[in-house]
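The values are calculated or read from the model by the stated rules, or taken from the named source; none is laboratory data. Being a predicted model, the structure only gives us computed values, none of them experimental. Positions of Cβ are generated from backbone atoms using ideal geometry, with glycine treated the same way; all protein chains shown enter the neighbour counts. In case anyone asks, the SASA skips ligands and DNA or RNA and just uses the protein heavy atoms, side chains included. Shrake-Rupley method; radii C 1.70, N 1.55, O 1.52, S 1.80 Å.
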Number of protein chains: 2
Amino acid sequence: MKVLDKKSDIRSEIEDARRSGKKIGFVPTMGFLHQGHISLIRRAKEDGCFTIVSIFVNPLQFRPGEDFHRYPRDTNRDLSMLESESVDAVFTPSTEEMYKKPHLTEVSLSNISEKLEGAFRPGHFRGVCTVVTKLFNIVKPDRAYFGWKDAQQLIIIKKMVSDLDFNIEIIPAPTVRDPDGLAASSRNTYLSLQERKRALVLSRALQKIKEMVEFQQITDAAALIECGKEIINSENVELQYLEAVELENLEPVHTIKKNTGVLGAIKVGNVRLIDNIIWE
Amino acid sequence: MKVLDKKSDIRSEIEDARRSGKKIGFVPTMGFLHQGHISLIRRAKEDGCFTIVSIFVNPLQFRPGEDFHRYPRDTNRDLSMLESESVDAVFTPSTEEMYKKPHLTEVSLSNISEKLEGAFRPGHFRGVCTVVTKLFNIVKPDRAYFGWKDAQQLIIIKKMVSDLDFNIEIIPAPTVRDPDGLAASSRNTYLSLQERKRALVLSRALQKIKEMVEFQQITDAAALIECGKEIINSENVELQYLEAVELENLEPVHTIKKNTGVLGAIKVGNVRLIDNIIWE
């Protein structure tokens, strides 16, 4: 497994693989890997791709006051996990390697970037889209893998790829959950045991909604959201949003059907967590 | 010469050329070709490239009230010029082919996009950067050719390519002038004979500045700009700006030296014209 921190080195490594006829599969991450990332990597390996993982905590997608500086980092642990998964190459650029000063160019999407997460984290998706565009231009993958856990990010990246004519297939993969139901996230490490227990209310509320839809055939969004909010508000957490939306454009829907989802965010103490349930 | 209006068709045409070992040279245009465009195409051919020209009047770079609808178009004339130059492929997409609705994604640069042309045409360079990103992703050229006539555009595209990690070499080429000194531009067709005579004052002022710098060794920007403005204001045209700037970042300079330029814009009746002189 090659571990490279220079754009030019990862480019020539990938160029060699491409010349040997391999498809390039790309899993961009911010490191502190968990089973969600691993599921994406395994999917890329199963697809027969030369599999590249990037580890880069992107300052551009954090606002001042967010958790950029305390975001968990453990590159040695990450690399040994990636080695076990037989990843072909890992790109671990420094901030200086990624962003030559002054960095002036930004990629942004109107409308779908401003809803839900975007309303609570203005500029977040502009940072995400900018770094993903850069990584796509460096790696030039045939396929890139993103998890449904960050549903809005996945939807925005798909739209960006279509709007900007990237010739890249975006492959979504299901959210991976810990045995207690909490969606796998690098940020779960912030939670104390007590906070983790409280945090479970979000996945419990979503699970309840899923059951109401699938076993009781209740599809009225207002009723489902009201029930979900009641569950969340019964716990000592701050509900930021819980909305039923069209997956394509994140517009609110009145009825749960194919291609809709319920997306939510809570704060447990200082820790923001997101989760969702989707009907693909 | 292949003339193709579908992204998928031009992609596979270029893929074939690339597989045969050729470098891809790209000249993006809005059509109504003139000798400036032809010089870019000849440069690409001299470089031994498989040469692609795109013809697309990009609505995103015109503001409401600008000349999008009356922008000159003559595809048959363009194609016969391109045929004479032995261009390999021409991409002539429709607006619907380029922009699937809703188009939400934009590429923008802060700072250098807001000066000079940007101050008079807010959003213009956002439209330019967005369409050029799309075209780069479709064509995936090794080299792309841009004229110094649109100096700010060239500088912005170079910066965008660097910031977003496009692996593309941007090749600049000198401004081509008609025998009377007017810089070649598709928009010159808007000028009546009388207006054209008045329009010449811009190239005359720039030529005078060039002579003062190169023969009289006058390098004080304020003195040069004052002299240039005096010449322009002696004619019945509207001076929009005339500024001495650093080429890299378009910041004002006090002294003309290597990597600076004087950029200007005037309005002759309803017709906006730009021109410049640069010291590379």
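Note on chain A: with a GNM built from Cα contacts shorter than 10 Å, the maximum mean-square fluctuation among A:Leu193, A:Leu104, A:Leu164 falls on A:Leu104.
Using a 7 Å projection from Cα along Cα-to-Cβ, the label point at B:Asn111 is separated from the same position in the remaining copies by 3.2 nm, smallest value first.
Structural size metrics of the range A:21-104, computed from C-alpha coordinates, are Rg and Dmax of 14.1, 45 Å. Restricting the range B:166-271 to trypsin sites (Lys or Arg not before Pro) that sit in a DSSP loop and have at most 16 other Cβ atoms within 10 Å of their own Cβ leaves B:Lys257, B:Lys258.
Between identical copies, the spacing of B:Arg187 label points, each set 7 Å from Cα toward the C-beta atom, reads 4.7 nm from nearest to farthest.
Note on the range B:55-149: Rg/Rh from Cα positions, Kirkwood definition for Rh, rounded to two decimals, is 0.97. Scanning chain B for the Cβ atom closest to the axis that brings B onto A yields residue and whole-Å distance B:Val107, 3. On the beta carbon distance between A:Asn167 and A:Lys6, with R0 = 22 Å, the FRET formula returns roughly 0.35. For the range A:128-280, the percent of C-alpha pairs falling in each 5 Å distance bin, counted from 0 to the bin holding the largest distance, reads 2, 9, 18, 19, 18, 15, 10, 7, 3, 0. Amide H to amide H, with H built 1.01 Å from N, B:Asp88 comes under 5 Å of B:Thr51, counting only residues 5 or more places away or on other chains.
For the range B:104-202, give the magnitude of the charge dipole about the Cα centre (Cβ charges: +1 Lys/Arg, -1 Asp/Glu; no others), in debye to the nearest 20.
Roughly 260 debye, rounded to the nearest 20.
Where in chain A lies the longest segment free of chymotrypsin sites (Phe, Trp or Tyr not before Pro) that are both loop residues by DSSP (not H, G, I, E, B) and have at most 15 other Cβ atoms within 10 Å? Don't skip to the end; give the middle numbers.
Numbers: sites that count: A:Phe68, A:Phe215.
Answer - A:69-214.
Extending 7 Å from Cα along the Cβ direction at B:Ser84 and again at B:Glu66 yields two label points whose distance is 3.0 nm. Comparing the full protein assembly with the isolated chain (1.4 Å probe, heavy atoms, ligands and nucleic acids excluded), the residues of the range B:81-110 losing at least 10 square angstrom of accessible area are B:Lys100, B:Pro102, B:His103, B:Leu104, B:Thr105, B:Glu106, B:Val107, B:Ser108, B:Leu109, B:Ser110.
Take chain A with all the other protein chains still there, run a 1.4 Å probe, and you get 44 Å² of accessible area per residue.
What translational diffusion coefficient, to the nearest whole µm²/s, does chain A have by Stokes-Einstein, given a Kirkwood radius computed over alpha-carbon pairs, a temperature of 4 °C and 1.567 mPa s viscosity?
Result for D is 66 µm²/s.
Taking a quarter of the surface of the Cα convex hull of the protein assembly as shown gives a mean projected area of 28.6 nm².
Once the chain from B:Asn249 to B:Cys227 is taken as fully extended at 0.36 nm per residue, the excess over their C-alpha distance is 5.5 nm.
From its DSSP helices (H runs of at least four residues, each -39,500 (n - 2.57)), chain B gives a residue-normalised ellipticity at 222 nm of -12000 deg cm²/dmol.
Buried accessible surface for the A/B chain pair comes to about 2300 Å², total over both chains, computed with a 1.4 Å probe.
A cut-off of 5 Å between modelled amide H atoms, ignoring neighbours fewer than 5 places along the same chain, links A:Lys22 with no other residue.
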